[in-house]
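The values are calculated or read from the model by the stated rules, or taken from the named source; none is laboratory data. This is a predicted model, so every value here is computed, not measured. For neighbour counting, all protein chains shown are included, and Cβ atoms are generated from backbone atoms with ideal geometry for every residue, glycine included.
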Amino acid sequence: MTTTNASTYATECKSAAVATDAGGPSWNAIDPESVARMRLQNRFKTGLDIAKYTAKIMRKDMAAYDEDNSQYTQSLGCWHGFIGQQKMISIKKHFGSTKGKYLYLSGWMVAALRSEFGPLPDQSMHEKTTVPMLIEELYTFLRQADARELGGLFRQLDAAKQSGNSTLAAEIQQQIDNHETHVVPIIADIDAGFGNEEATYLLAKKMIEAGACCIQIENQVADEKQCGHQDGKVTVPHDDFHAKIRAVRYAFLEMGVDDGIIVARTDSLGAGLTKQIAVVNEPGDQGDIYNSFLDVEEVSPATMKQGDVIIKRDDKLLRPKRLPSGLYQFRAGTGEDRCVFDCIEAMKAGADLLWIETEKPHVGQIGGMVDRIRAAIPNAKLVYNNSPSFNWTTNFRQQVFDAWLEQGKDVSRYSRDDLMSAEYDETELGIEADRRIQSFQLDAAQNAGIFHHLITLPTYHTAALSTDNLAKEYFGDQGMLGYVSNVQRKEIRQAIACVKHQNMSGSDIGDDHKGYFSGENALKAAGKDNTMNQF
């Protein structure tokens, strides 16, 4: 189990006693054991404490993956502190540990759900300060989850002592000493940096101060940024992108998070445009290679037109294809080559992990690019978006269909263009596709260099689905039974912590504090008339 520090219940009680004794007679009413409990419930005093702690966890996990590529990590996207808290509480309940389980902060969900402008597309139009505010909110809820869980153990400890059961008291105290925090790494999306490299640095610093140990940045133009799964993406030359990577590194180092993690994302696979032609200092350099992917035509002085932008390569004059928008176009079919080049250069510029945004979840496609990257950077590792923007059912059924067709297997009963149909759910093809979806993360970890798998928008979709089902039942014929049978009854039987929603909101923690502050005079909420006792 992972604890946040080496302090034990006993040592915290002794330390608190020293502090209260130093206060003299006027502090006699302060109970050292209560102080110790409050300290243990608030082990992380600042966001920087969290960033330093979680960076070490993530670095350790990265090293473990390098030793054994089946040891990949996972996360789910968050747009509210409660969502993040419930994920980690559920993970601890079901798996006993948070090891290898992180949180992802999605810029898409911030834009869609947290902006004061209302729902926005994923185009960096939302307030950039919302991102560090959400990081802080997530960790506030996770720290409260610690306080709530420890508070329950403290009450059990008091009950064991009051009953004279010293053996049980010792067991509970050991649980307190070995308590695993709900605080885990957050991979935080800084989009394309929200401006120039100085703007990127300033925002990164705010994110780190809020607790981020890992920042993900992409190689799109900041003011033309698009969701990775939409059209119209525009990339920047490597010098521009690398300046922002360095800006994030400087922010980490300035704040004392020396082992902070940077994820460099390339959107080049689906991005056919660039806003500017790269600067070339010498033939074959980074800028020259970037420009070599441009869609160009050879011209002569006689065929040049007013306003043409011309580049010279070797002894040729070349006119890049320029759109009415002023953007330049890359040659079709160069996306994978540009992705590989982007990744190699980003690692050389100081990135720790890579992110390749793809148009489909295909282990072979991703693995092919990773093999080429690893020829230059042997320990290159990816973060991969298991995106809800993919139609996973159709994609994998088509992959199976194509594989079987190539093997000469009879696929005449299946229509490749209609494989989403429910009629295929229990067929051999449907079952094989589901098996491949189930094993995708492990397969990709072992065969495509993916260290971390995440789903960007899971709770956006689960909230929509559950709300749709509740509305249909509650406002329909089922009435209150629609809520009771589909929500509350399941919460109780699945031991979902928030069925006791007063407890989840901090009511019992507040009662504990009232007892510390007011003693016998405390007016507590958790008395016999609290309806939460029904649960």
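Please pick out the residue among Ala51, Ala55, Ala36 that is buried (at least 19 other Cβ atoms within 10 Å of the Cβ) and not assigned by TED's automatic domain parsing to the domain that holds Gly211.
Ala36
How many residues, within region 218-249, are at pLDDT 90 or above and not small (Gly, Ala, Ser)? Steps first, answer last, please.
Of region 218-249, the ones at pLDDT 90 or above are 218-219, 235-249.
Still in the list and also not small (Gly, Ala, Ser): 218-219, 235-242, 244-246, 248-249.
Adding up the residues that qualify gives 15.
So, Val263, is that one among the β-branched types (Val, Ile, Thr), under 32 Å from the mean Cα position of the chain (by Cα) and buried (at least 20 other Cβ atoms within 10 Å of the Cβ) or not?
yes
Looking only at region 327-363, how many residues end up being touching a residue at least 40 places away in the same chain (Cβ under 8 Å) and either surrounded by fewer than 16 Cβ atoms within 10 Å (Cβ to Cβ) or not in a loop (DSSP other than H, G, I, E, B) (or both)?
22
Only one of these is modelled with pLDDT under 95 and either among the charged types (D, E, K, R) or on the phi > 0 side of the Ramachandran plot (or both): Gly211, Gly195, Gly164. Name it.
Step by step, each of Gly211, Gly195, Gly164 is checked, and only Gly195 is modelled with pLDDT under 95 and either among the charged types (D, E, K, R) or on the phi > 0 side of the Ramachandran plot (or both).
Filter region 63-75 for residues that are in a strand (DSSP E or B) and not β-branched (Val, Ile, Thr); which is surrounded by the most Cβ atoms within 10 Å (Cβ to Cβ)?
Ser75
Which one of these is surrounded by 14 or more Cβ atoms within 10 Å (Cβ to Cβ) and free of Cβ contacts under 8 Å to residues at least 12 places away in the same chain: Tyr460, Tyr483, Tyr424, Tyr474?
Tyr474
Each row is one residue, and each column tells you yes or no for (1) charged (D, E, K, R); (2) under 21 Å from Ala222 (Cα atoms).
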site: Arg246; (1), (2): yes, yes
site: Val257; (1), (2): no, no
site: Val263; (1), (2): no, yes
site: Ser268; (1), (2): no, yes
site: Gly272; (1), (2): no, yes
site: Ala278; (1), (2): no, yes
site: Pro283; (1), (2): no, no
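Where in region 209-301 are there strands (runs of 3 or more DSSP E), lying wholly inside it, with at least 1 residues that are assigned by TED's automatic domain parsing to the domain that holds Asp61, touching a residue at least 24 places away in the same chain (Cβ under 8 Å) and aliphatic (A, V, I, L, M)?
Of the strands (runs of 3 or more DSSP E) lying wholly inside region 209-301, those with at least 1 residues that are assigned by TED's automatic domain parsing to the domain that holds Asp61, touching a residue at least 24 places away in the same chain (Cβ under 8 Å) and aliphatic (A, V, I, L, M) span 214-218, 261-266.
Considering only helices (runs of 4 or more DSSP H) fully contained in region 447-516, which possess at least 1 residues that are within 31 Å of the chain's Cα centre (by Cα) and among the polar types (S, T, N, Q)?
It comes to 458-474, 501-504.
Among the residues of region 275-300, how many are surrounded by fewer than 11 Cβ atoms within 10 Å (Cβ to Cβ) and modelled with pLDDT under 90?
The number of residues fulfilling the criteria is 0.
Identify, please: which residue in region 364-392 is in a helix (DSSP H, G or I) and touching a helix residue (DSSP H, G or I) at 6+ places or on another chain (Cβ under 7 Å) and is, among those, farthest from Met58 (Cα to Cα)?
In this case the residue turns out to be Trp392.
If we scan region 303-312, do we find a residue that is at positive phi, part of a loop (DSSP other than H, G, I, E, B) and surrounded by fewer than 13 Cβ atoms within 10 Å (Cβ to Cβ)? Quick ask: steps written out before the conclusion?
First, the residues of region 303-312 that are at positive phi: 307.
Restricting the remaining residues to those that are part of a loop (DSSP other than H, G, I, E, B) gives 307.
So of that shortlist, the ones also surrounded by fewer than 13 Cβ atoms within 10 Å (Cβ to Cβ) come out as 307.
The answer is yes, given that some residue of region 303-312 is at positive phi, part of a loop (DSSP other than H, G, I, E, B) and surrounded by fewer than 13 Cβ atoms within 10 Å (Cβ to Cβ).
Output the number of the condition that Ile83 fails; it satisfies all remaining conditions of (1) farther than 23 Å from Lys381 by Cβ; (2) free of Cβ contacts under 8 Å to residues at least 60 places away in the same chain; (3) touching a helix residue (DSSP H, G or I) at 6+ places or on another chain (Cβ under 9 Å).
(2)
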